[in-house]
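Colleague: Structure below; questions to follow.
The values are calculated or read from the model by the stated rules, or taken from the named source; none is laboratory data. Keep in mind that this is a model prediction, so the values were computed, not measured. No Cβ is skipped: glycine too gets one built from the backbone with ideal geometry, and neighbour counts run over all protein chains shown. Ligands, DNA and RNA are excluded from the accessible area calculation, which covers all protein heavy atoms including side chains. Shrake-Rupley method; radii C 1.70, N 1.55, O 1.52, S 1.80 Å.
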Amino acid sequence: MTTVTTLGQFIIEKQADFPYAKGELSRLLRDIGIAAKIVNREVNKAGLVDILGDNGTTNIQGEGQKKLDVYADEQFISALRSGGECCVVASEEHGDCIFIHSEISKNAKYIVCIDPLDGSSNIDVNVSVGTIFSIYRRTTTEGPVQLKEVLQQGVCQVAAGYVVYGSSAMLVYTTGKGVNGFTLDPSIGEFCLSHPNMQIPRNGVIYSINEGNYIKFPQGVKDYIKYCQVEDQITQRPFISRYVGSMVADIHRNLIKGGIFLYPTTSSHPKGKLRLMYECNPLAFIVEQAGGKATDGYCRILGIQPESLHQRTPIFIGSTEMVEKVEEFIRLSSEQK
Ligand code: P6P
């Protein structure tokens, strides 16, 4: 009889890794896990109920919101409000931070940045979508939480994770002591440990990029894409191109199989498309904890000092040797200018 370790049991067991922990982060992670189960239930039956399609509204990014975007946002914010451990939420779906003022949260010390439903353009065509979250600790216990406490470098994260709503629902997270993956067992309604101590292969043969933007890429990235496509037995090229268009799904696959995900600057997104605080930082924390690398082409993602809540960054993330190879092409191209 194999023993099953649920997410809740695992969180409690790992709390021992933090001698001064009083259980607040554990409760916060459990609150997120519960909201993820609720969102998964709706994602799974989308198409059967009136929750597909556009909500007829736009978010701060000016992007059309899907009904499931709004639903997921409401579920995670509600869980964070009622859990009492979170004092402020920065969500992709809201222009400003949501400050939580309630009796239960008056001593809350955690800050959550979240993309409630990433890849939502895929919802209506039944392709995997995901949730990405990032957790920081307040930098002071004095007075109400300030925006500057939210704008911390990714290296200051105390935890980060994602949920991928795919052929099964998986929750993957780190608290800075490795990466563990949990698969939802619908028969018991629990996330169960299925991928302990996840490690990304140091090298890989999968590259994930929207090649439709090829003409808009910087020269160094174009050179790297051509490198991926050249026949070479020793380095097992040409590499395999896989792009879902849902960051969580692409990175989850590369985390397991090895590979690199690239979203460079383009002429339409001169600072990159993906957001630092609730997409790139949390995924960079996870990939680094799994032994991989994440940069903007020049500098470590986790070292970027955020200037604004929704700022974007180019990102090259995945197997260390593949990220270092694209950095080499970018550097060479810059030197030739
Ligand atoms: P493009 C989804 O909208 C998202 O934010 C990420 O999940 C995904 O990797 C990227 O944008 C896809 O962008 O420009 O290739 O459609």
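Per-residue answers, yes or no, for (1) in the same structural domain as L171 (by the TED database); (2) part of a loop (DSSP other than H, G, I, E, B); (3) farther than 21 Å from F285 by Cβ:
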position: I77; (1), (2), (3): yes, no, yes
position: E93; (1), (2), (3): yes, yes, yes
position: L117; (1), (2), (3): yes, no, no
position: D124; (1), (2), (3): yes, no, yes
position: V127; (1), (2), (3): yes, yes, yes
position: F133; (1), (2), (3): yes, no, no
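Colleague: Within segment 98-110, track down each residue that is open to solvent by 20 Å² or more (accessible area, probe 1.4 Å) and not β-branched (V, I, T).
Modeller: Those that are open to solvent by 20 Å² or more (accessible area, probe 1.4 Å) and not β-branched (V, I, T): F99, H101, S102, E103, K106, N107, K109.
Colleague: Can I ask one more? For residues that are among the charged types (D, E, K, R) and part of a loop (DSSP other than H, G, I, E, B), scanning just segment 137-176, find the one that is nearest to the chain's Cα centre (by Cα).
Modeller: R138
Colleague: Mind checking which residues of segment 113-151 are open to solvent by 10 Å² or more (accessible area, probe 1.4 Å), within 11 Å of the ligand (Cβ to nearest atom) and in contact with a helix residue (DSSP H, G or I) (Cβ under 6 Å, 6 or more places away or on another chain)?
Modeller: D118, S120, I123, S128
Colleague: Something else now. Can you list the strands (runs of 3 or more DSSP E) lying wholly within segment 184-299 that have 2 or more residues being buried (at least 23 other Cβ atoms within 10 Å of the Cβ) and within 12 Å of the ligand (Cβ to nearest atom)?
Modeller: In segment 184-299, 260-263 are the strands (runs of 3 or more DSSP E) which contain 2 or more residues that are buried (at least 23 other Cβ atoms within 10 Å of the Cβ) and within 12 Å of the ligand (Cβ to nearest atom).
Colleague: Could you check, for segment 64-79, whether at least one of its residues is more than 16 Å from V163 (Cβ to Cβ), modelled with pLDDT of 90 or more and within 16 Å of the ligand (Cβ to nearest atom)?
Modeller: For segment 64-79, residues more than 16 Å from V163 (Cβ to Cβ), modelled with pLDDT of 90 or more and within 16 Å of the ligand (Cβ to nearest atom): present.
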